[in-house]
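Read the figures in this text as sums done on the coordinates, not as results from a lab. Owing to the predicted nature of the structure, the values given are computational and were not obtained by experimental measurement. Backbone-built Cβ (ideal geometry, glycine too); neighbour counts: all protein chains shown.
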Amino acid sequence: MQIYQVGGSVRDGLLGLPVTDRDWVVVGATTQEMEALGYRLVGKDFPVFLHPQTHEEYALARTERKIGPGYKGFAAHAAPDITLEDDLRRRDLTINAMALAPDGALIDPFGGAADLEHRLLRHVSPAFGEDPVRILRVARFAARFAPLGFEVADETAALMRTMVEAGEVDALVPERVWTELARALGEACPSRFFEVLRACGALPRLLPELDRLFGVPQPRQHHPEIDTGVHVLQVVDRAAQLSSDTRVRFAALLHDLGKGATPKEEWPRHIGHEERGTALIEDVCQRLRVPNDYRDLAILTAKYHGVCHRAEELRAATVLDTLQALDAFRRPERFAQFLLACEADSTGRPGYEQRPYPQAELLRRALRAALTADGAALAAQGLKGDAMAEELRRRRIAAIRHAGIQDGPAPEEPA
């Protein structure tokens, strides 16, 4: 029995990044031998064990054989005669196909260390083309390592395009697409995930509503980048700078989805894109089985981000209406997420990154002021029903005005 450290922990160690989880491959052992040593079997599709003390994962060396379409169409084979190189060969990228021997020696049969040095994401073997999930994983690694200058190798990009043309991505189940997308949103540069998918042709298959934004113009005076697709990727990266919350980043990504449905004769203006966007977000979230909290924040952001941007122009009554529409009184955490997504939209443009976003503090101040109007006190005075609602609204508007939020001019239609 020989045990080797493998995968991401080896890669990250060579990059000088923190290593939190370590994975191990066991060569020359059987399931019975592992269990006799106290390892607990947890793998369903192939033998994976938990170490009795560290609880780290130890997998028997294995090979995989394609037997059907999609990412589930594989048969795994684990046996004592499978070598370490056999196991490493089945992995996706060379930088993930390295191992450390017990004495610390690097085992690198496919040139992963050189690709780390040259900042390349390169597939290990043609078997990469058998698993469409690997397209998503490459895009996610591109998002993770973009700050270090990593790029997809030309031959890997070409293979990914061939896979898309062969219809492999069409076999991906929605839950797996969402899992990889959500992970990508948590990476350092989430825009790269979508850029890589677009470059290989997968984005129109997986997220046509987002792909449709590229080439759609916006007014230059508000959007120096002009292209709506470019804009939303800048915004999602700005959201990543402002918040680690992937719900905020998801809302930022989809906030302008409705602009892809604007009739061309109305370009570059996009009147009504907010309402169009909410329907499209519903479609995306239903198709990909997106969790409700992600969906709800994205819909509110799409519908009300323009109102938030014009907060300084709003009448106090309209500010209150906006707070109520956002359910800010009952859902202050989601309201805070909404403000972050709106700030990302406003400052996620070339030359705007360092500009203040006073609208967020104005709405936060308005909420604090409105909360001072006590509905319980009104009930104690005997008010109820419509009379109580009208008086509570009057007091909240007065409190918002008292907080220094005066009636501004009626807002103009957004571009």
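Numbers for the structure displayed
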quantity	calculated
Per-pair calculated FRET efficiency, R0 = 25 Å: Arg65 and Arg161 via Cβ, rounded to 0.05	0.55
Spacing of the two label points (7 Å from each Cα toward its C-beta) at His118 and Leu15, in nm	1.8 nm
Calculated FRET efficiency for the pair Val42/Asp154, C-beta based, R₀ 25 Å, to 0.05	0.05
Cβ-based exposure ranking for Arg176, Arg161, in which fewest neighbours within 10 Å come first	Arg161, Arg176
Whichever aspartates and glutamates have a C-alpha closer than 20 Å to that of Lys264, once near sequence neighbours (fewer than 8 apart) are set aside	Glu209, Asp211, Glu225, Asp227, Asp256, Glu274, Glu275, Glu413
Top of Leu300, Leu314, Leu148 by mean-square fluctuation, Gaussian network on the chain, Cα under 10 Å	Leu148
For the chain: relative contact order, % (alpha-carbon pairs under 8 angstrom, 6 or more apart)	10 percent
Positive-pole candidate from Thr54, Leu116, Phe214, dipole of the chain, charges at beta carbon	Phe214
Segment 155-179-segment 243-314 distance, computed between alpha-carbon centres (Å)	26 Å
Choice from Glu165, Glu361, Glu390 with maximal GNM fluctuation in the chain (Cα, 10 Å cutoff)	Glu390
Selected from Glu343, Glu391, Glu195 as most flexible by GNM, with the chain as the system and alpha-carbon contacts under 10 Å	Glu391
Relative contact order computed over segment 216-402 (Cα-Cα under 8 Å; 6+ residues apart), in percent	23 percent
Ser125 versus Glu312: modelled label distance in nm, points set 7 Å from Cα along the beta carbon direction	6.2 nm
Residues in segment 119-146 that a label on Ala171 would reach, taking backbone N under 11 Å of a point 7 Å out along Cα→Cβ	129-133
Percent RCO, i.e. relative contact order, over segment 120-206, from Cα pairs under 8 Å lying at least 6 residues apart	43 percent
Simple spin-label estimate for Ala79 and Ala199 in nanometres, 7 Å along Cα-Cβ	4.0 nm
Full-extension gain in nm, Glu35 to Gln2, via 0.36 nm per residue minus C-alpha separation	10.3 nm
Least to most buried among Phe128, Phe194 (fewest other Cβ within 10 Å first)	Phe128, Phe194
Residue-span extension gain [Ala279 to Ala379] - 0.36 nm each, minus C-alpha spacing	32.1 nm
Residue-count net charge about Arg238 - beta-carbon cut-off 15 Å; Lys, Arg +1, Asp, Glu -1	-4
